Each structure stands twice: as structure tokens, then as C-alpha cells.
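Visitor: Before we start, here is the structure in question, set down as C-alpha cells.
We did not get these values from a lab; they are worked out from the coordinates using the rules stated. Bear in mind that the values here come from a model prediction, so they are computed numbers and not experimental data. Reconstructed Cβ throughout: ideal geometry from the backbone, glycine too, with neighbour counts over all protein chains shown.
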Amino acid sequence: MRYFYILLAISILSTSKVAATTNTSVGIVPIKMQSNTYEIGYQLGDIAYQTINIITPKGYQFDESSLPAKGKGAANMELRNATWHKHNIGNSSQHVIQLEWQIFRVMQETRSYSLKPLDLKFRPKIASQKALTVHVNAARVLVSSVLPTSMDEAHIKPRLDAMPQPRNTGPIVLTLCLAVVGFLLSMLYFAWHFDWLPARLTALFVEPKPFRKAYREIKHLKKEVKGNVDTSAQLTKAMCVLRRACDASAGTTLSLERIGLLFANNGKYAAKRAEIESFYAESERTFFAGNSSSYTLFQLSQLSRQLMKLETGS
């Protein structure tokens, strides 16, 4: 029985010791440090950015005096700017320190350069606590040179120009020629359609049709008008020109009574039958009764142009 009480006492003491050890470890916050730097792709004058994350127990403030002086050394890379901030997470504080290192000097060859090692200090708010010092190893960055890596004759001699690769331009030239020919033919067609071509030029290829010829002559009469007043002689001449075109299209001499012969032989003019009959009635009153015409050169030009379009089927 005595041995039983001794074992019970020893187990109770062991349990108390384990509980005390566990409670003590809860209040300890481990210090963690992480440094990030982009290591490649730098040239003279570039800036390398270093971000340092440090976790300390809550209540510690970063001591900025532990940073190196800005740009006051003669090293290849000097500190240009530094910013920091912190935020609390539970019973710990996260410190984020961002450093900008500028590259001031490089060698003739591409090589890596070391940033400065850091011993960052953190002050406690409570005077009884000790200050913390976190060591940050020097990061390295790869910097290219501004001079050729080798100054021998092979490197300082200018290289020959790179010749362009041969290309088969035959299809491109053919397509361009066909496009130019198509464009010229289109322009020629539109010029003929709207009667922009000189009469002497078109006469070399084909005899102008009656209403096209009449339209050209009436248009020429319009250019001879002085002011905005059409003379009776010009109107009479324009009427004669248009009647001759109707006679040539019908193949016989027409009058108001024989106007039906024009539509019998050329049904395409039936769409303008009322205008043609009105024109013939007006022209006969002008020619035989001596009445003044109510037509103008513009109206006769428009009528001849409309008949020209029917003539060409456009």
C-alpha cells in the first residue's frame, strides 16, 4: 500500500510539471523573416526592389536608424528609398519593409552584385523588454554590362547587313496589275456611261447613238447660254436636235400623228411615251403655229439624258 501512495504522488508531480511547461510555451512568438528580390534583368541605373517581411511579438516598433544611409556610400548599389508599415495579427506584429536599391556602377562583364546585408532592429514599447535584432542576408542581382564583354578584333568589327529573305512577289505583282486594269476599265465604263468622254474619242470606236448625240449637242448649247435666259433660237435648235434623234431611232420621219412608230420599233422608250408626246405637241406648235416654247434647255437636256439611258439599257 505504501508503494501505491508513492507512485500516485510521483504521477501527480509529473502531470503538474508537464502542464507548467505547456503554459510557458504558449506565450512565446517565434520571429520569422522572409526577403524577396527579383534577381535578373537589370542594367546600369535600374532599381532593384527588395521586400522584407518580419514577424515579431506584438508591441515592437521598427527602428529606422538600423537602415543604411541613403546613397552616401561608394558601392555598386546604394539604397535609394525605404518604406515600412506594420499590422497586428493576434499576439504578433507583421512588419513589411520595402527597399529600393539603385545600380550606380557595373563591370565590363555581366555578373551578379550583392545588396548590403542588414541588421534590422525593433524596439519594444515596454522598457523592461529587450530590443530585437533580425539579420537579413545580402541578396544578389544579375546586372548586364554597358560595354562589350570582349574587345578583340572580332567583336569591334562591324557586321555585314542582314540580307532580306527572297520572296516570291510574282502573285502580288500579277494581282496588282489585274487590279489596276480593272480599275481603269471601271473608270472607262463610268466615263462612257455618264458621257464624260470626248465625242471625238468615242467616234473612233463606235458611232454615237442618236439620243447620246442629241444629249451632247444640247449640253453644248447650254454652255453657250449667256446668263440664265434661253434664247428662242437655241430652244428651236435644241428641239430640232431632239426630233432628229427620235427620227433616227424610229428609222423614219416622225410627227405627232406618227409618234407610235417610235414605240412600235423600240418598246424600251414606252416608259417615256407621255413626255415624248408632250414634247412633239409643243415642238409642232412652236414650229408651225409660231408659239413660244414653254420648255427650257435644262428640261430638254434632262429629257435627252433620260432617253439616252433607255437607249443604252442602263
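Visitor: Percent of Cα-Cα pairs more than 18 Å apart in the stretch 32-143, please.
Guide: Of all Cα-Cα pairs in the stretch 32-143, 51 percent lie more than 18 Å apart.
Visitor: Any idea what log10 I(q)/I(0) is at q = 0.09, 0.10, 0.22 Å⁻¹ for the stretch 188-312, Debye with uniform C-alpha scatterers and no solvent?
Guide: Each listed q corresponds, in turn, to -0.25, -0.31, -1.35.
Visitor: For a 21 Å ceiling on Cα separation, which of these pairs sit above it: Lys213/Lys272; Lys58/Lys125; Lys70/Lys130?
Guide: Lys70/Lys130
Visitor: In whole angstrom, how far apart do the alpha carbon centroids of the stretch 45-69 and the stretch 236-314 sit?
Guide: 101
Visitor: Right, here's the next one. Rounded to the nearest 20 Debye, what is the dipole magnitude of the stretch 223-280 about its Cα centre when Lys and Arg each give +1 and Asp and Glu each give -1 at the C-beta?
Guide: Its charge dipole is roughly 160 debye.
Visitor: Let me ask something additional. Can you find, among Asn265, Val241, Tyr280, the residue farthest towards the positive end of the dipole of the stretch 188-312? Put +1 on the C-beta of Lys and Arg, -1 on that of Asp and Glu.
Guide: Value: Val241.
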